[in-house]
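Notes for the one structure printed next.
The values are calculated or read from the model by the stated rules, or taken from the named source; none is laboratory data. Quantities reported herein were computed from a predicted structural model and do not represent experimental measurements. Ideal geometry is used to build each Cβ from the backbone, glycine not excepted, and the neighbour counts take in all protein chains shown. Surface accessibility is based on the protein's heavy atoms, side chains included, excluding ligands, DNA and RNA. Shrake-Rupley method; radii C 1.70, N 1.55, O 1.52, S 1.80 Å.
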Amino acid sequence: MAARDRAFPKRDNEQMDNETYAQPHHIEDVEIQEWLESLDSVLESSGPEVAAEILERLRAHATVSGIDLPFTANTPYANTIPVRLEPLFPGDQELERRIKSLIRWNALAMVVRANREEHNIGGHISTYASAATLYEVGFNHFFRARTPEFEGDTIYFQGHAAPGIYARAFMEGRISAQQLENFRRELKPGGGLSSYPHPWLMPDFWEFPTVSMGLSPLMAIYQARFNRYLENRGLKQATDAKVWAFLGDGETDEPESLGAITLASREHLDNLIFVVNCNLQRLDGPVRGNGQIIQELESAFRGARWNVIKVLWGSEWDPILERDTEGLLVKRMGELVDGEYQKLVVSSGAYVRQHFFGHDERLLKLVEPLPDEALRRLRLGGHDPRKVYAAYKAAVEHKGGPTVILARTIKGYGLGEAGEGKNVTHQQKKLNEDELREFRSRFGIPLNDDDCITVPFYRPAEDSIELQYLRSRREALGGYTPKRSARSKPIAADHDELFKEFTEGSDEREVSTTMAFVAMLRKMLKDPEIGKLIVPIVPDEARTFGMESLFRTVGIYASGGQKYEPVDMNTLLLYKEAKDGQILEEGITEAGSMASFIAAGSAYATHGINTIPFFIYYSMFGFQRIGDFIWAAADMRTRGFLLGGTSGRTTLSGEGLQHQDGNSHVLALPVPNLKAYDPAFAYEIAVIIQDGIRRMYKDGENWFYYITVMNEPYAMPPMPSGVREGILKGMYKYRASANKKAKLKAQLFGSGAILNEVLHAQEILEQKYSVAADVWSVTSYKELYVDAIETERWNRLNPGEKPRVPYVTRCLTDAPGVLVASSDYLKTLPNMISKWMPRRLAALGTDGFGRSEGRVSLRDFFEVDAKFITLATLHELSADGKIDAKVVDKAIEDLGIVKTKPNPVTS
Ligand SMILES: Cc1ncc(C[n+]2csc(CCOP(=O)(O)OP(=O)(O)O)c2C)c(N)n1
Ligand SMILES: [Mg+2]
């Protein structure tokens, strides 16, 4: 340690500043030598671990001593796996090359043919062309299928590579030539293939929708984590199954792509492998023309403690690198920016010699023996099966954390003049005759000059060695993939008993619908059949929703268990984390929580396990923030319940513009398989959840649910008889007017907490204005709307039949009087069903920006409270000529409505 004292001046006070170091200290060689020798002696006596520990401590000491040590998470621009550690390639490389070439051809053919058939139908050739080796090595050697005995690997295929995956399935005999012919034209007779991976459109094939860039990397991370959750909770056997996610290098710019990578390392997800196809290009041009995307990604992933494997150079480079004893070539490799590399791809061998190697005489010497053509054909790592195999093998064997493989490839590989490495290549869909012949020759496709320009699909004979080999490889890996099937055992019970208590009312006790839901959740968690299947998911809002008691009862999932004594150890509401904890407390990430929801809600297909996710969150941060994940969940046929908590623009008081949600029910409209409810009472929630569990998990229907719950406390009434069906269909009469004699009549519609305002208005109208009003609870405008448009369509297509009547129309056929609807959401919700109502509808709602105010003021501001509902009703009666306008004017005064108040829609 004497050496250390000499090398670093002692720190004698906190004020030491740069001046202390102003005179550069000349380091004598002998000084360095002493340091190196002491390290060597430690290495010899105590081994590399101790030596590493000392260096680490030294680094820490240097940092606290104020020494600014340069940091780099990068390794040289070279393959991570050295040649000497490369495993033998176990397959028949030549046969695999031939199979891959045929797949390349068919993938290209389906895009070219589709566009000949129908101009501009689209499709992508270049993505798969660059990724073919990455996939084929996986298919031939790594991707294990799902079998009854083994759950199989889970693979997220890059969306734009879909033609290649179809072309392989064609070779496997799983997809017909007719289907290939109808790529991107699913509606043609005989069916076709969807443009991208969509489980909704191809439920027996695709498992994961990946084409909205950035979603699949994040979903894959949470999927790998959820697999561990299932194991740690004893819901499935622990296996070495892997989650593979293939992504584009351009895709990594999406914030979701890298947004959760620290979770993967924190959770030690060695069941997770990312393969980033680094062709250095995206759609418009280079990903980082002026930089190096691979090095950038390496440092991000290494910084996040991932195992990073770079596969940059193919085997042809190995002998050259071996001759490079001074490390000049690797240095040169690291100097070029990606724009320069892209230029080399499209250039001749002579150009490569001059501009890459010509930089230094010594580099030129290294490649002197090679002709120009050989220089042009120096392969990149991602196109060399041996290098890719080595990387995959290292990845599947890696323990303790996730792996990312950064594989360098060429976008549009093999397209030659038609687009290889060119900026336009992403959208290349047409090849001329010469280009087709060149591609054919380059990949040895057995088609003559005339045949090849008709771009036929080519599949070798059933007993050809290619198909025999391909089949035998897949047999060895358990069968074909991708393949999707819903394979969980349906739940058996109806659970009437479980939900009964919630239909009985709260006996005047004031509770919110959130509290009611949490009480249901608590009870469901105890149920012998579904209890263990429930997956509560919350993004750091459990206390907001009054769920903290669940921490103690079912525990928060923590894969490593709880390593500390919680600060609230001795309280009833202690923060209990456990290896088999049930709650997924995700922290502040709605995207991550949604990815967990997707993993849990699709486990019936991925794992054959009926997990039932309940994801509760601040409703404003749902559709509005992570709408595309919800869309992906829908595509994936995800089942489960989304709970929009603290919802309602005027019901969530105090929070203001950002938090108050009057939007989510409108944003829920476009998701076709999502049922959206805005219930007012506990029994409505009980009916919806019970029925949802039946439909999704017993009858296997592909729905998922959005239910808004609120934090306004009020007495929960018992369930009136005969309303179950109405709750589910979207509306039912909750309270008829007691005054049968009144001449003035009205039908009032209310949803969520606003139903109470409507009930209050009912009283005012009866008592002060002699209007007999019936009150309806509208639980779902979306259900009413969907029923109406479906009925309308049926009638249009069946002109000779007795017309069907939409449910909303049937409800109101004999309902007299004016119609007034109010909700805590945009007025468009009631307005969208008004055309199926027997008369004109007045709609009140919360269009506009929220305010940080109390509930009473908010409802006055948005004009959805009892007095505005009363006013709207009187106004409608006046418009019908039933009362004088003066009565309305007087009412405005009596009700205390300020005519000059700000307009909520525009203020
Ligand atoms: C969220 C989203 N934004 C934009 C697109 C349109 N898009 C499709 S592919 C693509 C470029 C992909 O580049 P990269 O990720 O590098 O993949 P490559 O094809 O090069 O392998 C773009 C912009 C998309 N599919 N999703
Ligand atoms: Mg790319």
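Side notes on the structure shown:
- Selection status of ILE609, among the hydrophobic types (A, V, I, L, M, F, W, C), buried (at least 24 other Cβ atoms within 10 Å of the Cβ), touching a helix residue (DSSP H, G or I) at 6+ places or on another chain (Cβ under 7 Å) and modelled with pLDDT of 95 or more: no
- Here the stretch 121-148 is the region considered, the condition is being touching a residue at least 24 places away in the same chain (Cβ under 8 Å) and under 18 Å from ALA605 (Cβ atoms), and the residue that is farthest from ligand 2 (Cβ to nearest atom) is THR147.
- Applying the criterion of being away from ligand 1 (no atom under 16 Å from the Cβ) and buried (at least 23 other Cβ atoms within 10 Å of the Cβ) to the residues of the stretch 174-211, the residue that is nearest to ALA600 (Cα to Cα) is GLU207.
- Residue ID - nearest to the chain's Cα centre (by Cα), chosen from residues in the stretch 308-335 that are over 23 Å from GLY414 (Cβ atoms) and part of a loop (DSSP other than H, G, I, E, B): GLY334
- Residue match in the stretch 781-796 (condition: part of a loop (DSSP other than H, G, I, E, B), of a type in the set (Gly, Ala, Ser) and either touching a helix residue (DSSP H, G or I) at 6+ places or on another chain (Cβ under 9 Å) or modelled with pLDDT of 95 or more (or both)): no
- Residue in the stretch 751-773 that is touching a Ser or Thr at 6+ places or on another chain (Cβ under 7 Å), among the small types (Gly, Ala, Ser) and part of a helix (DSSP H, G or I) present: yes
- Filter result for PHE443 (among the aromatic types (Phe, Trp, Tyr) and closer than 30 Å to VAL709 by Cβ): no
- Candidates are the residues of the stretch 289-326 that are farther than 23 Å from GLU86 by Cβ and surrounded by 20 or more Cβ atoms within 10 Å (Cβ to Cβ); the one that is nearest to ligand 2 (Cβ to nearest atom) is ILE293.
- GLU118 vs. criteria of a type in the set (Asp, Glu) and either under 18 Å from PHE457 (Cβ atoms) or out of contact with any helix residue (DSSP H, G or I) (no Cβ under 8 Å at 6 or more places or on another chain) (or both): yes
- In the stretch 159-176, the residues that are touching a residue at least 24 places away in the same chain (Cβ under 8 Å) reach residues that are of a type in the set (Val, Ile, Thr) and within 16 Å of ligand 2 (Cβ to nearest atom) with C-beta atoms within less than 6 angstrom, at least six apart or across chains, in these pairs: GLY159/THR210; GLY159/VAL211; HIS160/THR127; ALA161/THR127.
- Verdict on ASP284 being away from ligand 1 (no atom under 16 Å from the Cβ) and farther than 21 Å from ILE405 by Cα: no
- Any hit, the stretch 191-199, residues being assigned to a helix (DSSP H, G or I) and away from ligand 2 (no atom under 16 Å from the Cβ): no
- Checked across the stretch 733-746, the condition of being open to solvent by less than 10 Å² (accessible area, probe 1.4 Å) and touching a Ser or Thr at 6+ places or on another chain (Cβ under 7 Å) holds for at least one residue.
- Restricting the stretch 212-257 to residues that are in a helix (DSSP H, G or I), within 23 Å of LYS399 (Cβ to Cβ) and open to solvent by 20 Å² or more (accessible area, probe 1.4 Å), the residue that is nearest to ligand 2 (Cβ to nearest atom) is ARG228.
- Filter pass, VAL887 being without any contact (Cβ under 8 Å) to a residue 40 or more places away in the chain, open to solvent by 20 Å² or more (accessible area, probe 1.4 Å) and of a type in the set (Val, Ile, Thr): no
- Of all residues making up the stretch 116-141, the number that are in a helix (DSSP H, G or I) and either open to solvent by less than 10 Å² (accessible area, probe 1.4 Å) or under 13 Å from HIS160 (Cβ atoms) (or both): 15
- Residues in the stretch 479-500 that are buried (at least 17 other Cβ atoms within 10 Å of the Cβ) and farther than 20 Å from TYR604 by Cβ: TYR480, LEU498, PHE499.
- Of all residues in the stretch 339-362, those that are farther than 20 Å from GLY327 by Cβ have Cβ atoms under 9 Å from Cβ atoms of residues that are in a helix (DSSP H, G or I) and of a type in the set (Val, Ile, Thr), 6 or more apart or on another chain, in LEU344/VAL352.
Yes/no matrix, rows are residues, columns are (1) in contact (Cβ under 8 Å) with a residue 24 or more places away in the chain; (2) within 16 Å of ligand 1 (Cβ to nearest atom); (3) surrounded by fewer than 24 Cβ atoms within 10 Å (Cβ to Cβ); (4) over 32 Å from the mean Cα position of the chain (by Cα):
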residue	(1), (2), (3), (4)
THR72	yes, no, yes, no
THR75	yes, no, yes, no
ARG84	no, no, yes, yes
PRO87	yes, no, yes, yes
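- If you filter the stretch 261-288 down to residues that are within 16 Å of ligand 2 (Cβ to nearest atom) and among the β-branched types (Val, Ile, Thr), you find that the one that is surrounded by the most Cβ atoms within 10 Å (Cβ to Cβ) is VAL275.
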